[in-house]
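The values are calculated or read from the model by the stated rules, or taken from the named source; none is laboratory data. Please read all numbers here as calculations on a predicted model, not as lab measurements. A quick note on method: Cβ atoms are made from the backbone with ideal geometry, for glycine too, and the neighbour counts reach across all protein chains shown.
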Amino acid sequence: MTGTRPDPSKLYHRKMPATWWLQKQSYFLFMLRELSSVFIAIFLLVYLYQIYQLTQGPEAYVAFTQKLASPGWLLFHLVALAFALYHTITWFQSSAVVLPVRLGEHLVPRQIVTALHIGAWVVVSLGILILFLALKN
Amino acid sequence: MTTEKTTEPLWWGLFSAGGVVAAFLVPVHIILVGFALPLGWITDTGTLYRYGWVKAYLFVLIVLPLYHWAHRFYFALNDMGLKPMNKTLAILCYGGAVIGTVVTAWILLKV
């Protein structure tokens, strides 16, 4: 790859309405996928804030974990989980396209590459769960 | 044609790494933090956050998806018609991720 690009001022850009992504289901799903990153980021900042509570002592940490049992927070985490799972599935699907796997002469079918990713994800998730249960106190 | 050096590969690399981290690691943490702890399925007083390697893991878990967010959100806003202010958006999105990195490191070191 070279750093050569056309002069942006000479490119033609078709005017698009800001709501173009509402016009077709595939565009809408694309925007939902982009939006998943927002919910994932908010979740991680909430988690960071929970960890920050430890600087105020373990009581503050436990109190904050219990605060998250309110219906509003549970709903938020339910929505965040749905978006995170959507990101996981779509990321594995696109990985299978971007990084095709070869076995000798043959290209491994995309569905199998995606399925292997999902299998690895299940193993990693269970590993984290077991580690957390082993380390928590 | 113009030849230019850009920082794009760096941001794209961080976006990609963040996408992998988010895909593999985030769902189980949402289950732990969002449901298992608040609903009392498991109890924890947070002693595991004192381990150095847990801090290093959490740094990766929290920081890389922030760059993933910055990249996706920046381009989504551009695609939604905010391209005229793309310089400001770039500073807000990528700058936000950089600030997030510093704050995350500071909190993890303090705990």
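For beta carbons closer than 6 Å, sequence separation of 6+ or different chains, a first residue in region A:33-44 that is in contact (Cβ under 8 Å) with a residue 12 or more places away in the chain and facing chain B (nearest Cβ under 7 Å) and a second that is of a type outside the set (Gly, Ala, Ser) and crowded, with 22+ Cβ neighbours inside 10 Å, the qualifying pairs are A:SER37/B:HIS68; A:SER37/B:TRP69; A:SER37/B:ARG72; A:ILE40/B:VAL26; A:ILE40/B:PRO65; A:PHE43/B:ILE30. Residues of region B:6-24 that are of a type in the set (A, V, I, L, M, F, W, C) and either within 11 Å of the chain's Cα centre (by Cα) or at the interface with another protein chain (Cβ under 7 Å from one of its Cβ atoms) (or both): B:LEU14, B:PHE15, B:ALA17, B:VAL21, B:ALA22, B:ALA23, B:PHE24.
Look at region A:108-137: where a residue is assigned to a helix (DSSP H, G or I) and a partner is of a type in the set (S, T, N, Q), sitting 6+ places away or on another chain with Cβ atoms under 7 Å, you get A:THR114/A:GLN93; A:HIS117/A:SER95; A:TRP121/A:THR88. Condition test on B:ILE62, is it touching a residue at least 12 places away in the same chain (Cβ under 8 Å) and within 9 Å of another protein chain (Cβ to nearest Cβ)? It is true that B:ILE62 is touching a residue at least 12 places away in the same chain (Cβ under 8 Å) and within 9 Å of another protein chain (Cβ to nearest Cβ).
Taking the stated definitions as given, is B:ARG50 free of Cβ contacts under 8 Å to residues at least 60 places away in the same chain and charged (D, E, K, R)? For B:ARG50, the condition - free of Cβ contacts under 8 Å to residues at least 60 places away in the same chain and charged (D, E, K, R) - is not met. Take the conditions closer than 16 Å to B:HIS29 by Cα, in contact with a Phe, Trp or Tyr (Cβ under 7 Å, 6 or more places away or on another chain) and modelled with pLDDT of 90 or more and apply them to A:HIS77. Does it pass? Judged against the criteria, A:HIS77 is a match.
Residues in region A:47-75 that are more than 7 Å from every other protein chain (Cβ to nearest Cβ) and either crowded, with 18+ Cβ neighbours inside 10 Å or not in a helix (DSSP H, G or I) (or both): A:GLN53, A:GLY57, A:PHE64, A:SER70.
Looking only at residues in region B:57-92 that are surrounded by 20 or more Cβ atoms within 10 Å (Cβ to Cβ) and among the β-branched types (Val, Ile, Thr), the one that is farthest from A:LEU135 (Cα to Cα) is B:VAL63.
Every condition in (1) at pLDDT 90 or above; (2) within 30 Å of A:SER9 (Cα to Cα); (3) facing another protein chain (nearest Cβ under 7 Å); (4) surrounded by fewer than 19 Cβ atoms within 10 Å (Cβ to Cβ) holds for B:GLY95 except the one numbered (3). For region A:81-137, a tally of residues being surrounded by 11 or more Cβ atoms within 10 Å (Cβ to Cβ), polar (S, T, N, Q) and more than 10 Å from every other protein chain (Cβ to nearest Cβ) returns 2. Kindly indicate whether B:VAL33 is under 18 Å from the mean Cα position of the chain (by Cα), under 17 Å from A:VAL123 (Cβ atoms) and either small (Gly, Ala, Ser) or in a helix (DSSP H, G or I) (or both). Considered against the rule, which asks whether it is under 18 Å from the mean Cα position of the chain (by Cα), under 17 Å from A:VAL123 (Cβ atoms) and either small (Gly, Ala, Ser) or in a helix (DSSP H, G or I) (or both), B:VAL33 comes out as no.
Rundown of residues vs (1) at pLDDT 95 or above; (2) of a type in the set (A, V, I, L, M), yes/no style:
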| residue | (1), (2) |
| --- | --- |
| B:LEU10 | no, yes |
| B:ALA17 | no, yes |
| B:VAL33 | yes, yes |
| B:TRP41 | no, no |
| B:TYR51 | no, no |
| B:LEU58 | yes, yes |
| B:TYR67 | yes, no |
| B:LEU82 | no, yes |
| B:THR88 | no, no |
